Amino acid sequence: MRKIAVTIAREYGSGGRIIGRDLADELGFAFYDKELISLAAAESGFHEDFIKTMENRKASGFLYNIYMTYNELPIQEQVFIAQSNIIKDIAERESCVIIGRCADYVLSGTESCVRIFIHAPLEWRIEMVRDQYKEGLGDLRCCIRRQDKDRAAYYNFFTQQKWGHAQNYHLCIDSSVGIAPSVELLKKYVEEFAGQNF
């Protein structure tokens, strides 16, 4: 049987990472999120902390001009390419769930890729963030909107598509029904997808 790659893009605080991890466990798939930072660091030669800082930033005009003077590509694009190469290698090697990092776009030409977007109402996400991080993050409403804005800008820049736009995904779900029901729904969808395509 061919390998299945499940990509999960998500609004901040929607529980997408938890859902992805639990889905990977249910399906017996490998799970990748922050692990991609270490792998991309090894591939690119950049430090992990630097990649973490760069991975949600699109190339700016100022940085673009500086790095074009010394390199063929701006640094954000080098990081994006390194992560994209890792994502492609992983998807060829094993069935997996990959969180974020434009993986849906990177694997869009792959017929064995299930592309998912997870969203939830803002108030539900505020409670989720408060419960997950157990500490005051200041104005959570503002923090969540800023994170979503950064994710959208990064995705839109590198993919030339619109983050969260339903046509970019096989399935968009509202996770406020709960983590466990969301996992169960996605598991059934992935199993059906695998059954019909392989």
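When only residues in the range 64-86 that are in a helix (DSSP H, G or I) and more than 25 Å from Ile8 (Cβ to Cβ) count, which is modelled with the highest pLDDT?
If we filter the range 64-86 for residues that are in a helix (DSSP H, G or I), which is where we start, we get 64-70, 75-86.
So of that shortlist, the ones also more than 25 Å from Ile8 (Cβ to Cβ) come out as 64-70, 75.
Numbers: Tyr64: 46, Asn65: 46, Ile66: 49, Tyr67: 46, Met68: 48, Thr69: 48, Tyr70: 50, Ile75: 79.
So the residue we want is Ile75.
Sort out which residues of the range 8-49 are closer than 11 Å to Ser95 by Cα and either in contact with a Ser or Thr (Cβ under 9 Å, 6 or more places away or on another chain) or not aromatic (Phe, Trp, Tyr) (or both), and write them in order of number.
Matches in the range 8-49: Ala24, Leu27, Gly28, Phe29, Ala30.
If you check Gly45, Gly20, Gly61, which single one turns out to be modelled with pLDDT of 85 or more and either surrounded by fewer than 17 Cβ atoms within 10 Å (Cβ to Cβ) or touching a strand residue (DSSP E or B) at 6+ places or on another chain (Cβ under 8 Å) (or both)?
Gly20
Report, by residue number, each residue of the range 87-127 that is in a helix (DSSP H, G or I), surrounded by 23 or more Cβ atoms within 10 Å (Cβ to Cβ) and of a type in the set (A, V, I, L, M).
Ile87, Ala91, Ala103, Val106
Quickly run through the range 148-179 and pick out the residues that are under 15 Å from His119 (Cα atoms) and small (Gly, Ala, Ser).
Ala152, Gly164, Ala166, Ser175, Ser176, Gly178
Would you pick out the residues in the range 95-116 that are more than 12 Å from Val6 (Cβ to Cβ) and either in contact with a strand residue (DSSP E or B) (Cβ under 6 Å, 6 or more places away or on another chain) or small (Gly, Ala, Ser) (or both)?
Of all residues in the range 95-116, those more than 12 Å from Val6 (Cβ to Cβ) come to 100-102, 105-106, 108-109, 111.
Gly100, Ser108, Gly109 - these are the residues of the range 95-116 that are more than 12 Å from Val6 (Cβ to Cβ) and either in contact with a strand residue (DSSP E or B) (Cβ under 6 Å, 6 or more places away or on another chain) or small (Gly, Ala, Ser) (or both).
Any idea which residue in the range 133-144 is nearest to Ile179 (Cα to Cα), counting only those that are assigned to a helix (DSSP H, G or I) and free of Cβ contacts under 8 Å to residues at least 12 places away in the same chain?
Here the residue is Tyr133.
When you check Lys149 against the structure, is it free of Cβ contacts under 8 Å to residues at least 12 places away in the same chain, part of a loop (DSSP other than H, G, I, E, B), farther than 21 Å from Lys88 by Cα and among the basic types (Lys, Arg), yes or no?
Numbers: free of Cβ contacts under 8 Å to residues at least 12 places away in the same chain: yes; part of a loop (DSSP other than H, G, I, E, B): no; farther than 21 Å from Lys88 by Cα: yes; among the basic types (Lys, Arg): yes.
No, not satisfied.
Which of the residues belonging to the range 23-42 are closer than 25 Å to His165 by Cα and at pLDDT 95 or above?
Leu23, Ala24, Phe31, Tyr32
Only one of these conditions is not met by Trp163: (1) out of contact with any Ser or Thr (no Cβ under 9 Å at 6 or more places or on another chain); (2) among the hydrophobic types (A, V, I, L, M, F, W, C); (3) surrounded by 13 or more Cβ atoms within 10 Å (Cβ to Cβ); (4) assigned to a helix (DSSP H, G or I). Which number is it?
(4)
The values are calculated or read from the model by the stated rules, or taken from the named source; none is laboratory data. Given the structure is predicted, the values throughout are model-derived calculations rather than measurements. Virtual Cβ from ideal backbone geometry, glycine too; neighbours counted across all protein chains shown.
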